[in-house]
Amino acid sequence: MTPFRERNKSVIGGVGLLLIFLLLAAAFQTDKLPFIGGGTTYKAEFTEGAGLQKMDEVRVAGVKVGKVTKIGFKKSCDYSGNLAQSVVGDKAGCVEVTMRVKGVHLGALTKADIRIKTVLGRKFLMLTPDGDGSLAKDATIPLARTTSPFDVSPAFQQLSTTIGHIQTDQLAQSFTTLADTFRGSAPEVRASLSGLSRLSQTIASRDAKLRTLLDRASGVTQVLADRDDDLVAFLKDSDLLLQEVKARRTAIHTLLTTTTELSEQLIALVRENRATLAPALADLKVVTDMLARNQKNLDLGLQRLAPFVRLFANNLGNGRWFDTYVYNLTNPSGFVPGTFGNGT
């Protein structure tokens, strides 16, 4: 067998590069690999995309089971049975959403709904399994079993854009002309048109303020959209706090109950011993007043007591006897050291 170092280095390098390329390709296609990715592909038709994006979650009963892999426009869709279409059987374009789902059983009549994930407009796809049998692979959920939500933020943005292009002066003049034209008609019609004229004039007079209001509303929504992740994290932390408070509900209830019982017992104790406590508190006040009047004397006594206590402690600190001496005491006549008492 030829040693590894003696083999053709060009062949070894080519094989190594091929293996690296295969590993990179597999890394970019992990969703399609068995055991790692996998899943079944389904499609769903919607009247509108409603802000749904690629890689958004697919859920069943609130549990993530997959993700959206593709969103595209489909030229011909059957609107039969869809409540959003007034003409039954009319064929028109729609949005086709492709999803990959794993680990869940979907019935033949499964429904798909685009739901709002956050207050700032993030969406996810909710599947509701229904019907007997199983939904075939690559099957399409028709418009009759799908719904799209109404998004408020884009509506307000379109409203601000639309109002910005309205010629308010011409609108007021048009309503005034209509009111003059129908002035000879029935009183109800004249009153309605006059009210419309006054309304248009009011809108025209407040045009600048309305524009400012809508511009600021647009700015607020943009800031909220930019801080989407922060708000989501804040709501999650708030949810954790509420869960902790809920978990400690019994302890908090017990604390409040025992505090109430303690206060009631203290009130009863004071009521029962009022006759005894009143003289004691009065005498205590007399004592505190006397101590307050003699505060200087007490301070002076403590200062003068300190040297005596220090010297007295030294006298008793050498053993189990009293050790002291007296200054300026002369030697008595006839006293021989070593002959006093027991010879000590």
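Computed values, structure above
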| item | result |
| --- | --- |
| Inter-label distance, nm, simple model (7 Å from Cα along the C-beta direction), Gln265/Lys209 | 6.3 |
| Extension gain, Arg274 back to Ala144 (0.36 nm per residue minus Cα-Cα distance, nm) | 38.7 nm |
| Per-residue ³J(HN,Hα) for region 20-25, Karplus 6.51 cos²θ - 1.76 cosθ + 1.60, θ = phi - 60°, Hz, x for Gly and Pro | 5, 4, 5, 5, 5, 4 |
| Backbone HN-Hα couplings from phi across region 194-207 [Karplus 6.51/-1.76/1.60, Hz, Gly and Pro as x] | 5, x, 5, 5, 5, 5, 5, 5, 5, 5, 5, 6, 9, 4 |
| Unsatisfied cross-links (Cα-Cα over 21 Å) in the set Lys43/Lys67; Lys70/Lys236; Lys111/Lys236 | Lys70/Lys236; Lys111/Lys236 |
| For Lys111, distant residues with modelled amide H under 5 Å away | Thr128, Asp130 |
| Point-to-point label distance, Met55-Thr254, nm (Cα→Cβ direction, 7 Å offset) | 4.8 |
| Cβ-Cβ FRET estimate between Ser134 and Gln170, R0 fixed at 41 Å, reported to 0.05 | 0.10 |
| Estimated distance in nm for a label pair at Ala108 and Leu241, the labels positioned 7 Å out from Cα along Cα-to-Cβ | 5.2 |
| Whole-Hz couplings from phi, Karplus 6.51/-1.76/1.60, listed for region 61-76; x for Gly and Pro | 6, x, 9, 5, 10, x, 8, 7, 9, 7, 9, x, 9, 10, 5, 10 |
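Each value in this text was obtained by applying a stated rule to the coordinates, not by laboratory testing. As the structure is a computational prediction, the values presented were derived from the model and not from experiment. For neighbour counting, all protein chains shown are included, and Cβ atoms are generated from backbone atoms with ideal geometry for every residue, glycine included.
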